[in-house]
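Scroll down for the structure; my scribbles are underneath it.
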Amino acid sequence: MSFLEVKKVSLFFGGLAAIKDISFSLAKGEILGLIGPNGAGKTTLFNVVNGFYKPSRGDVLFKDRSIAGLKPHRICRRGLARTFQVVKPLQRMSVHDNVIASAFLRARDKKQAEELAREVLEFTGLSDDRDVISKGLPLGKRKRLELARALATQPELLLLDESFAGLNASELDVSMGIIRQIKDKGITIMIIEHHMRVIMALSDRIVVLNYGEKIAEGAPLEIRNNTQVVEAYLGEAQGA
């Protein structure tokens, strides 16, 4: 049984296909990378998987049950959380309160929410910033706060949308270490990323999209050596 299965999913806006007939599966405990040029349909696919869009055709199965068309909060309660490419914390609230707000998805009371928030902040290296108002955080820590908020919902599957974008080399290393620790906790991950060093180092498998269609799927080395992928995207990305 696949942990997540995307089955011939298409999404149309008017007569335009944003994504078309995309299929792949994700095993429990795996990290699946999702790459492709800008406009390839990666974030659109995330939006279908976590309920922002209902697929025009096809289905999405999570733990062998269809979630296609469910609202995002219901999908989150089933154990699927995500981060966003453009981070949007609750800007007037502290880092601590941002995470507590997410923790209340499952916490029975304030005490449990606070304990979960403490654990998540420690795990993501944000404990020293717990009382900082979130709008004052630098980008690298805002990205980690976005991740902390998702983790506070206690997900089984985590969708990461360009969580490494804009980070410097040392911040990349820190974030990659956190992602590996998340996997070690048994959380399954699907990640959109343009940093090839990151995607090749973290992913067990990679799916490549171009013009809304899947053009390749395989292990990182297979993808790196795939002529069609190099022509469509990888050669440009590696040279960037």
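The values are calculated or read from the model by the stated rules, or taken from the named source; none is laboratory data. Only a predicted model underlies this, so the values are computations on that prediction, with no experimental measurement involved. Cβ atoms come from the backbone with ideal geometry, glycine included; neighbour counts cover every protein chain shown.
Would it be correct to say that LEU159 is in contact with a strand residue (DSSP E or B) (Cβ under 6 Å, 6 or more places away or on another chain), surrounded by 20 or more Cβ atoms within 10 Å (Cβ to Cβ) and either in contact (Cβ under 8 Å) with a residue 24 or more places away in the chain or over 25 Å from VAL49 (Cβ atoms) (or both)?
In short, yes.
Considering GLY186, GLY166, GLY177, which residue is loosely packed, with under 15 Cβ neighbours inside 10 Å and touching a helix residue (DSSP H, G or I) at 6+ places or on another chain (Cβ under 6 Å)?
GLY166
Looking only at helices (runs of 4 or more DSSP H) that lie completely in the range 1-103, which have at least 3 residues being without any contact (Cβ under 8 Å) to a residue 12 or more places away in the chain and aliphatic (A, V, I, L, M)?
Once the helices (runs of 4 or more DSSP H) in the range 1-103 are filtered for at least 3 residues that are without any contact (Cβ under 8 Å) to a residue 12 or more places away in the chain and aliphatic (A, V, I, L, M), nothing remains.
So, in the range 158-171, how many residues would count as being over 13 Å from the mean Cα position of the chain (by Cα) and farther than 18 Å from GLU122 by Cα?
5
Run GLY177 past the list (1) modelled with pLDDT of 95 or more; (2) on the phi < 0 side of the Ramachandran plot; (3) small (Gly, Ala, Ser); (4) assigned to a loop (DSSP other than H, G, I, E, B) and report the number of the one that doesn't hold.
All conditions pass for GLY177, except number (4).
Against the condition in contact with a Gly (Cβ under 6 Å, 6 or more places away or on another chain), assigned to a loop (DSSP other than H, G, I, E, B) and in the same structural domain as LEU26 (by TED's automatic domain parsing), how does LEU209 come out, does it pass?
Taking the combined requirement at face value, the residue does not satisfy it.
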